[in-house]
Amino acid sequence: MKDNWERTEETISLDLTDIEDIIKQAFPDKKLISAERIGIGLSNSNYKILMEGSEVPYVFRLYRGGRDVADKELAIAKLVRQTVPVADFIYVDTTFTRAQHPWALMEWKEGILLGDVLKKGTQADIVSAATSVGRNLAQIHSYTFSESGFFDEDLNIKEPITMDGKHFLSFIRQSLFHQPCGTWLGADLTQAVWSFCQTYSPLFSDNSESPVLVHSDFNGLNILVRDDLADGSVSAVLDWEFAFSWNRYVDIGNMLRYEEDGSLFEKHFIRAYLEEGGLLDKNWKILSKLEDLVALCDMLNHSTLNTPRRMKDLRHLVERTIQTS
């Protein structure tokens, strides 16, 4: 899975003194007791921190990008917090006065990664988790927008985008024949992907659903499941940095990326999604695969010889996608 991938950007490493100096404006009279790096951190850096006189930890999140990502995550947390379990923001600083990057202090949420449940859990664990994840995704997708595109800090669409069959094929063609993706896939697989996409691309034009809030990195590494309750409910959906307004199949394709068709997780995930009010086109599975192909090709475009595990996994996922239709 993705947790075995190499980073494509240099890690930002901070020691206790660095973090304490940054967060002084949030906790001017408290001493930082401990800071532990958490998560795989392929983009941003997250630390579990404990302050003097407090038994409750926080998450210190250092953003690699500009202030727009931090502002967007804060706005989304405020939007969905009544219906979706998210970590509340305690403090946000996008002024670059104490750090070279925006940063935030966030609520610590207990739980274990969904990815670990899928690897090590019992069938009952997987069914419980799949049901809760499906329900929560339906709640995320209940937030609709008038057009597709990327958000500004207030969740207005600052950059409208379109994905019909023509735009889809244009992106895939560019990736396969003019960018690194085709090189990493090899000639035979490149042609197979191109044929697959030509066959099914008209489905995009036939789909007229309203755009919804999509997490866009909705997978087992960004979802915490409670480990203290028998129902396996989701305790937090994390890391909304890639969220935008689009069609729901982005998240469904991402979540099912490593699942076999008709798996136990898929059945209960989809059933719960529909029961909670989620909508699915009759061709939802192909639409999800097509959307995920866009993500897989884009990630291959940004892969290099220094990321062999990442490339191997992506190539395998592309092969699986076009063989299971």
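The values are calculated or read from the model by the stated rules, or taken from the named source; none is laboratory data. Given the structure is predicted, the values throughout are model-derived calculations rather than measurements. For neighbour counting, all protein chains shown are included, and Cβ atoms are generated from backbone atoms with ideal geometry for every residue, glycine included. Keep in mind that these areas ignore ligands, DNA and RNA; they rest on the heavy atoms of the full protein, side chains included. Shrake-Rupley method; radii C 1.70, N 1.55, O 1.52, S 1.80 Å.
Overview of results
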{"item": "Residues located in the stretch 225-263, provided they are farther than 18 Å from Ser288 by Cα and open to solvent by 20 Å² or more (accessible area, probe 1.4 Å)", "result": "Arg226, Asp227, Asp228, Leu229, Ala230, Asp231, Ser233, Leu238, Asp239, Glu241"}
{"item": "Number of the exception - Glu36 against (1) in contact (Cβ under 8 Å) with a residue 40 or more places away in the chain; (2) assigned to a strand (DSSP E or B)", "result": "(1)"}
{"item": "Segments classed as strands (runs of 3 or more DSSP E), wholly inside the stretch 51-157, with at least 3 members that are more than 17 Å from the chain's Cα centre (by Cα)", "result": "58-62, 89-93, 103-107"}
{"item": "Test: Arg248 is charged (D, E, K, R) and touching a His at 6+ places or on another chain (Cβ under 6 Å)", "result": "yes"}
{"item": "Selected residue (criterion: surrounded by the most Cβ atoms within 10 Å (Cβ to Cβ)) from residues of the stretch 284-307 that are more than 19 Å from the chain's Cα centre (by Cα) and at pLDDT below 95", "result": "Thr307"}
{"item": "Extreme residue, modelled with the lowest pLDDT, among residues of the stretch 36-76 that are open to solvent by 40 Å² or more (accessible area, probe 1.4 Å) and of a type in the set (Gly, Ala, Ser)", "result": "Gly39"}
{"item": "From the options Ala192, Ala187, residue that is free of Cβ contacts under 8 Å to residues at least 12 places away in the same chain, open to solvent by 30 Å² or more (accessible area, probe 1.4 Å) and out of contact with any Gly (no Cβ under 7 Å at 6 or more places or on another chain)", "result": "Ala187"}
